[in-house]
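The values are calculated or read from the model by the stated rules, or taken from the named source; none is laboratory data. For clarity, every value in this text was computed on a predicted model and none was experimentally measured. Cβ atoms come from the backbone with ideal geometry, glycine included; neighbour counts cover every protein chain shown. Just so you know, the surface numbers come from the protein's heavy atoms only, side chains and all, with ligands and any DNA or RNA stripped out. Shrake-Rupley method; radii C 1.70, N 1.55, O 1.52, S 1.80 Å.
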Amino acid sequence: MDPVRNPYAPGAGQRPPELAGRGRELEVFDIVLERIARGRPERSLMLTGLRGVGKTVLLNTLRSQAIGRLWGTGKIEARPDQSVRRPVAAALHMAIRELAPRHRAPERIDEFLGVLKAFALRAAPAARGGTARGAAGTRLRDRWQPGIDVPAASGRADSGDIEIDLVELLTDAAEVATDVGTGVAVFIDEMQDLGPEDVSALCAACHELSQLGAPLIVVGAGLPHLPAVLSAAKSYSERLFRYQRIDRLDRIAADQALCAPAAREDVEYEQKALDLLYEKSGGYPYFVQAYGKATWDHAPRTPVTAADVRVAAPEAEAELAVGFFGSRFERATPAEREYMRAMAALSLVEAEPGPDGTGAGRDDMDAAVSTAEIARSLGRKPASLSPARDALIKKGLIYSGERGTVAFTVPHFGRYLRTQPA
C-alpha cells in the first residue's frame with residue numbers, strides 16, 4: 001500500500017492518529033478542571049507508567065484540554081542535572097502570557113512578572129560558595145536573563161530556598177488566574193528526574209495551594225516509581241495527589257488504534273492479522289504504532305492479512321532493537337549490562353493462554369525480581385551490586401517499585417536482552 005498514506009506514528013511523544021483507550025483519563029481531567037472552575041477543591045494529578053505507554057502524549061492532550069478552557073498552561077521536561085527553578089519560571093511565564101490579555105490590570109501582570117524574574121534569577125545558596133567553580137556558576141547565572149521586560153522584584157520568591165520561593169511564586173500565579181476567573185496548569189514530564197529538593201518544594205507548593213483552594217494544579221508524568229519519589233520527599237504526598245497508572249491498551253483499544261486510522265484510508269484488517277499484531281505489540285501503544293507502520297508498508301493490498309504481519313514483523317523488531325532498546329542498552333556500562341542480563345534471565349513471565357488455549361492472549365512480559373536473587377545468580381554480595389543498580393535507576397533503565405525488587409522501565413526489554421549474545 002502507498003507508504004505516503006501510512007497513518008501510523010511511532011515517535012517519542014508523537015500523538016498517534018487515534019488516541020485509543022484513554023477516554024477515562026481525559027474524562028477525569030475534564031472533571032478536575034470543571035470542579036476547580038466552580039471553586040471546588042481538587043488535587044494535582046500524577047500519571048505513572050512504563051516507557052512506551054503514551055504518558056507524554058496523554059500529558060500533551062490534557063494540556064490541550066486546559067487550553068480549551070482558557071487556562072494558562074506551561075510545560076517542562078525534568079532533567080536530573082538541572083534545577084527546577086528556571087524551567088518552572090519559563091513555564092509560568094508562558095502561562096501568564098496566555099492570561100494577560102484578559103486581565104483588567106496590566107500593572108498586576110507586571111508585578112507578577114517582577115516576582116517571576118526574581119525567582120528565575122535567584123541563585124541557590126550552594127552555588128554561591130567560595131570555590132572558583134561556584135563563583136563562575138554565579139557569574140554565568142547573573143548574566144542570564146529570562147526575557148522578562150520588567151525589573152526583578154525584591155522580597156518575594158527570591159530567598160534562595162527553593163521550597164519557600166516556589167510556594168510564593170505559585171501562590172502569586174494562582175492569584176493572577178483568580179483575577180481572570182480561570183486557572184493555571186503546570187505540566188511536568190519525566191518528573192521522577194527532579195532532584196530531592198525540587199520534589200520537596202513542589203509537594204509543599206501543591207499542599208499550600210490545595211489548602212488555599214487556589215486554581216493552580218501540577219500535572220506530572222513519570223515512571224512507575226514516581227509515587228515513591230514523592231513519598232520520600234513528603235509523607236503526605238500519598239494523599240496530596242491523584243495518581244493514575246497508564247498501562248498497555250486492552251484488546252479493544254489496541255484494535256481501535258490500528259483500525260480507525262486505517263478505515264479513514266479505506267483499509268481493513270483481517271481478524272487473524274489483528275490477533276497477531278496484538279500478540280507482537282503486547283498492547284503497548286508505541287509498539288502498536290511501530291508494528292502497524294511496518295505492516296502497512298509491507299501489505300500489498302487491503303485487507304491486511306496475518307501473512308502481511310509476519311513479513312513485516314522483523315522490520316519493526318529491527319527498528320525497535322536499534323532505536324528503542326539498543327540505544328538504551330548502549331548507555332549502560334559492562335557492569336550494568338551484566339546486572340540487566342541477570343534481571344532478564346530471572347524476570348520472564350510466560351504468556352497467558354489466549355481464548356484458543358495458545359499463548360496468543362498476551363505476549364511474555366518481565367516481572368519485578370528480587371535484588372537478592374540477582375546477587376545469587378551472579379555469585380556476588382548484594383552490597384557489591386548496589387552501584388550498578390543505583391546507576392541504572394538514575395539512567396531510567398530500571399526502577400524499584402518495592403523495597404528489595406527491581407524491574408525494567410522499558411516493556412519487553414528483558415525479552416530483547418534474552419535474544420542478544422552475551
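What dipole magnitude, in Debye to the nearest 20, does the chain give about its Cα centre under +1 on Lys/Arg Cβ and -1 on Asp/Glu Cβ? Write down the numbers at each step before the final one.
Numbers: 54 positive and 56 negative charges, 206 e Å.
So the magnitude is around 980 debye.
Under a point spin-label approximation (7 Å from Cα along Cα-to-Cβ), what is the E402-S83 distance to one decimal in nm?
3.9
Grab the DSSP H runs of the chain that are 4 residues or longer, score each as -39,500 (n - 2.57), total them, divide by all residues and round the 222 nm result to the nearest 500 deg cm²/dmol.
Numbers: 18 runs with 217 residues, N = 422.
Helix-only estimate at 222 nm: -16000 deg cm²/dmol.
The list (1) 1.01; (2) 0.97; (3) 1.07 gives values of Rg/Rh (Cα atoms, Kirkwood Rh), and only one came from this structure; which label was calculated from it?
(1)
Leaving ligands, DNA and RNA out of it, work out the accessible area of F324 with a 1.4 Å probe and give it in Å² to the nearest 10.
Roughly 20 Å² of F324 is accessible to a 1.4 Å probe.
What order do you get for 185-195, 205-215 when each peptide is scored by the mean count of other beta carbon atoms within 10 Å, highest first?
Details: 185-195: 23.7, 205-215: 19.2.
Result, highest mean first: 185-195, 205-215.
Mind jotting down the distance between the C-alpha centroids of region 234-276 and region 146-205, whole Å?
Between the Cα centres of region 146-205 and region 234-276 lies a distance of 34 Å.
For region 394-422 and region 1-37, what is the separation of their Cα centres, given in Å?
Cα centroid of region 394-422 versus Cα centroid of region 1-37: 27 Å apart.
With a sphere of radius 12 Å drawn around the Cβ of L58, what net charge do the other residues whose Cβ falls strictly inside it have (Lys, Arg +1; Asp, Glu -1)?
Values: positive: R15, R22, R24, K55, R63, R245; negative: E25, D189, D247.
Here the charged neighbours net out to +3.
Quickly work out the I164-to-A12 label distance, labels modelled 7 Å from Cα along the C-beta direction, and quote it in nm with one decimal.
3.8
I need the calculated FRET efficiency for the pair R102 and R69, taking r as the beta carbon distance and R₀ as 22 Å, to the nearest 0.05. Show your work: numbers first, answer last.
Numbers: r = 13 Å, r/R0 = 0.58.
Efficiency for this residue pair is about 0.95.
Rounded, prolate or oblate: which fits region 259-345, taking a ≥ b ≥ c as square roots of the Cα gyration tensor eigenvalues, rounded meaning a/c under 1.5, else prolate when a/b beats b/c?
Numbers: a/c = 2.99, a/b = 2.67, b/c = 1.12.
It is prolate, given that a/c is not under 1.5 and a/b is the larger ratio.
What does the charge add up to near V229, with Lys and Arg as +1, Asp and Glu as -1, over the other residues with Cβ less than 13 Å from its Cβ? Don't jump to the answer; show the numbers that get you there.
Details: positive: K234, K394; negative: E190, D193, E197, D198, E238.
Spelling it out: positives minus negatives among the neighbours equals -3.
Can you compute the FRET efficiency between L212 and V311 using 1/(1 + (r/R0)^6), with r the Cβ-Cβ distance and R0 = 60 Å? Round to the nearest 0.05.
Numbers: r = 60 Å, r/R0 = 0.99.
Efficiency for this residue pair is about 0.50.
What lysines could a cross-link reach from K293, if we take a straight Cα to Cα line under 23 Å and drop same-chain neighbours fewer than 8 places away?
Partners within reach: K55, K272, K280.
What is the sum of charges, Lys and Arg at +1 and Asp and Glu at -1, for the other residues whose Cβ falls under 11 Å from the Cβ of A422?
Around A422, the surrounding residues sum to +2.
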